[in-house]
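J.: Once you've had a glance at the structure underneath, I'll fire off some questions.
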Ligand code: CA
């Protein structure tokens, strides 16, 4: 009997972040037709490490080795792809990746000590096998609840497991970057492999720690649940991690299994309030990657070019996320404004809105205030996704609706709150990501944001500016081997 498998909607994004100079993460997505039409999908994320050229090479090698091993294992399997088969296959695939990285590291002296994390998901017939080595992660979102499937192979996770520190303390520990298992760090590796059932409406997220150290699980869940598509979710997750500092390379694969209904999860203010990234702002490790010799550089370029060409030919190369561009120049935006005429008024939304305020962002979203005081965001297509909440559900009762707001070029919304004497900053999914000016502002009213992200505010009849500054970068020095 042929099993009807749900459609899988995938999204992928990778970014160097705002601190690193190179992106040492790698990822791969292979769908049914590349898996002998027998498995539904293979998804891999790897986060490379190792001084000189090593990181990029290790992560790419691992991703490709996992695919090669899985593809041949499926091709050789005469029977049904049972859950046991999926587990066995991923187990061997990560061992094969380990061998490939270890061998290469020992063949080329300048690559000695390189390694990589690796998470892989192999799906067949409503079951996902999930394999992990290191501190990249796999999460499942089901009915608004986010569950971390993998357990980090890191020093802080061992402390957490032993009950010595809390998960919150682990997030800010100076040892949070020390991993205890890696692909390529030793001749043998023991991957963790679990089975997870999938139901229509579930989403899986694979990510490098550049995402999970920048965002709380609650923030990840809200973005994942609210985005209209897998690709939109991936782009928003990367944008949010960059907003929090982007201290490391960020890579995400999102896959949505069957029909997915976007939902707005309620804010979890207590968790947000208690999470302060970069609490211990140690200096970043000296980067040796820029001191590559010309020959190893050429080798790296050749390897990357070959891989790129290979992926391109297979139609697998997914372009990095494109920053929000202003809409194509319209007639009204040309200099020859005198020659423009306007259409008769069209209704943008059937929801009643208050007289003001009203703003647009560069992507063409329009923000207005509903009669009940909730912020509506209406997309250029006219759809209005889940509303942004009032500035603070705890203080909003009895306080006036927000009167002043602004949107920056990335679609982040800034709401001036006279009652709480601060400016709330929301990401494009409606998640509040920052409180600006708390403790300094006395009566914030008009607010505006320039292209550099400077926030201007009229505070008690005085025009003030709050300038963004990059938080001190977190360290990222995976312990070799
Ligand atoms: Ca990383």
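J.: Applying the selection to the stretch 461-481, what residues are exposed (fewer than 13 other Cβ atoms within 10 Å of the Cβ) and either within 16 Å of the ligand (Cβ to nearest atom) or at pLDDT 75 or above (or both)?
T.: 461, 462, 463, 465, 467, 469
J.: Another question about this same structure. Among the candidates 61, 81, 86, 90, single out the residue that is in a loop (DSSP other than H, G, I, E, B), crowded, with 19+ Cβ neighbours inside 10 Å and away from the ligand (no atom under 16 Å from the Cβ). Outline the logic, then answer.
T.: On the way: 61 fails: in a loop (DSSP other than H, G, I, E, B); 86 fails: in a loop (DSSP other than H, G, I, E, B); 90 fails: in a loop (DSSP other than H, G, I, E, B).
Exactly one of 61, 81, 86, 90 is in a loop (DSSP other than H, G, I, E, B), crowded, with 19+ Cβ neighbours inside 10 Å and away from the ligand (no atom under 16 Å from the Cβ), namely 81.
J.: Let me ask something additional. Can you tell me which of (1) at negative phi; (2) at pLDDT below 95; (3) over 22 Å from the mean Cα position of the chain (by Cα) is the one residue 173 doesn't meet?
T.: (3)
J.: Next question, about the same structure. With respect to the numbered conditions (1) at positive phi; (2) in contact with a strand residue (DSSP E or B) (Cβ under 9 Å, 6 or more places away or on another chain); (3) surrounded by fewer than 22 Cβ atoms within 10 Å (Cβ to Cβ), which one is the sole condition not fulfilled by residue 32?
T.: (1) is the only condition that residue 32 fails.
J.: Right, something else. Against the conditions (1) in contact with a strand residue (DSSP E or B) (Cβ under 6 Å, 6 or more places away or on another chain); (2) more than 18 Å from residue 121 (Cα to Cα), where does residue 223 fall short? Just the number, please.
T.: Residue 223 satisfies all of (1) in contact with a strand residue (DSSP E or B) (Cβ under 6 Å, 6 or more places away or on another chain); (2) more than 18 Å from residue 121 (Cα to Cα) except (1).
J.: Using beta carbons and a limit of 6 Å, which pairs, at least six apart or on different chains, have the first residue in the stretch 161-174 and farther than 17 Å from residue 150 by Cα and the second one at pLDDT 85 or above?
T.: Listed pairs, sorted by first residue: 165/159; 173/156.
J.: Would you point out the residue of the stretch 216-266, among those that are within 16 Å of the ligand (Cβ to nearest atom) and out of contact with any helix residue (DSSP H, G or I) (no Cβ under 8 Å at 6 or more places or on another chain), that is farthest from residue 7 (Cα to Cα)?
T.: Among them, the one singled out is 245.
J.: Right, something else. Please return the ranges of strands (runs of 3 or more DSSP E) entirely within the stretch 189-258 where 3 or more residues are surrounded by 24 or more Cβ atoms within 10 Å (Cβ to Cβ).
T.: Details: elements: 192-197, 203-207, 250-257.
Passing ranges, in order: 203-207, 250-257.
J.: Look through the stretch 419-441, keep the residues that are out of contact with any strand residue (DSSP E or B) (no Cβ under 6 Å at 6 or more places or on another chain) and modelled with pLDDT under 85, and return whichever of them is farthest from residue 243 (Cα to Cα).
T.: Taking the stretch 419-441 and keeping what is out of contact with any strand residue (DSSP E or B) (no Cβ under 6 Å at 6 or more places or on another chain), we get 419-421, 428-429, 431, 439-440.
Adding the requirement that they be modelled with pLDDT under 85 leaves 419-420, 428-429, 431.
Details: 419: 26, 420: 23, 428: 11, 429: 13, 431: 12 Å.
If we take residues in the stretch 419-441 being out of contact with any strand residue (DSSP E or B) (no Cβ under 6 Å at 6 or more places or on another chain) and modelled with pLDDT under 85, then 419 is farthest from residue 243 (Cα to Cα).
Residue-wise test of (1) in contact with a strand residue (DSSP E or B) (Cβ under 9 Å, 6 or more places away or on another chain); (2) under 27 Å from residue 266 (Cα atoms).
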position	(1), (2)
136	yes, yes
139	yes, yes
147	yes, yes
155	yes, no
161	no, no
165	no, no
170	yes, yes
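J.: Being over 26 Å from residue 66 (Cα atoms) and in contact (Cβ under 8 Å) with a residue 24 or more places away in the chain narrows it down to one residue among 114, 214; which is it?
T.: Working: 114 fails: over 26 Å from residue 66 (Cα atoms).
Result of the check over 114, 214: 214.
J.: Count, please, the residues in the stretch 444-460 that happen to be at pLDDT below 85 and either under 15 Å from residue 421 (Cα atoms) or part of a strand (DSSP E or B) (or both).
T.: The qualifying residues number 1.
J.: I want to confirm something. Restricting to the stretch 419-443 and keeping residues that are out of contact with any helix residue (DSSP H, G or I) (no Cβ under 9 Å at 6 or more places or on another chain) and in a loop (DSSP other than H, G, I, E, B), which single residue is surrounded by the most Cβ atoms within 10 Å (Cβ to Cβ)?
T.: Here the answer is 441.
J.: Moving to a separate point now. Select, from 5, 10, the only residue that is away from the ligand (no atom under 13 Å from the Cβ), out of contact with any helix residue (DSSP H, G or I) (no Cβ under 6 Å at 6 or more places or on another chain), within 29 Å of residue 232 (Cβ to Cβ) and in contact (Cβ under 8 Å) with a residue 60 or more places away in the chain. Break it down into steps so the answer makes sense when it comes.
T.: Working: 10 fails: out of contact with any helix residue (DSSP H, G or I) (no Cβ under 6 Å at 6 or more places or on another chain).
Going through 5, 10 in turn, the sole match is 5.
J.: Can you tell me how many residues within the stretch 103-130 are under 27 Å from residue 212 (Cα atoms) and outside any strand (DSSP E or B)?
T.: Counting residues in the stretch 103-130 that are under 27 Å from residue 212 (Cα atoms) and outside any strand (DSSP E or B) gives 4.
J.: Now, a different point. Only residues that are touching a helix residue (DSSP H, G or I) at 6+ places or on another chain (Cβ under 6 Å) and within 16 Å of the ligand (Cβ to nearest atom): list them for the stretch 135-169, please.
T.: Within the stretch 135-169, 135, 137, 156 qualify.
J.: Quick check on the stretch 112-134: of everything there that is more than 30 Å from residue 9 (Cα to Cα) and surrounded by 24 or more Cβ atoms within 10 Å (Cβ to Cβ), which residue is nearest to the ligand (Cβ to nearest atom)? It would help to see each step written out before you state the result.
T.: Let us first name the residues in the stretch 112-134 that are more than 30 Å from residue 9 (Cα to Cα), namely 112-115.
Still in the running and surrounded by 24 or more Cβ atoms within 10 Å (Cβ to Cβ): 114-115.
Working: 114: 14, 115: 12 Å.
The residue in question is 115.
J.: Return yes when residue 48 is farther than 19 Å from residue 191 by Cβ and outside any helix (DSSP H, G or I) and no when it is not. Before the answer, list the steps.
T.: Numbers: farther than 19 Å from residue 191 by Cβ: no; outside any helix (DSSP H, G or I): yes.
Answer is no for this residue.
J.: If you don't mind, there's one more thing I want to ask. Step by step: first the residues of the stretch 198-215, then only those that are out of contact with any helix residue (DSSP H, G or I) (no Cβ under 9 Å at 6 or more places or on another chain) and away from the ligand (no atom under 16 Å from the Cβ), then the one that is farthest from residue 156 (Cα to Cα). Which residue is that?
T.: 200
J.: Moving on to the next point. Can you find a residue that is touching a helix residue (DSSP H, G or I) at 6+ places or on another chain (Cβ under 9 Å), more than 16 Å from the ligand (Cβ to nearest atom), in contact (Cβ under 8 Å) with a residue 40 or more places away in the chain and in a strand (DSSP E or B) anywhere in the stretch 15-34?
T.: Yes: one or more hits.
J.: Which residues, taken from the stretch 35-45, are out of contact with any helix residue (DSSP H, G or I) (no Cβ under 6 Å at 6 or more places or on another chain) and either within 16 Å of the ligand (Cβ to nearest atom) or assigned to a strand (DSSP E or B) (or both)?
T.: Hits for the stretch 35-45 are 41, 43, 45.
The values are calculated or read from the model by the stated rules, or taken from the named source; none is laboratory data. Note that the structure is predicted; figures quoted are calculated from it, not measured. FYI the Cβ positions are ideal-geometry reconstructions off the backbone, even for glycines, and counts take in every protein chain you see.
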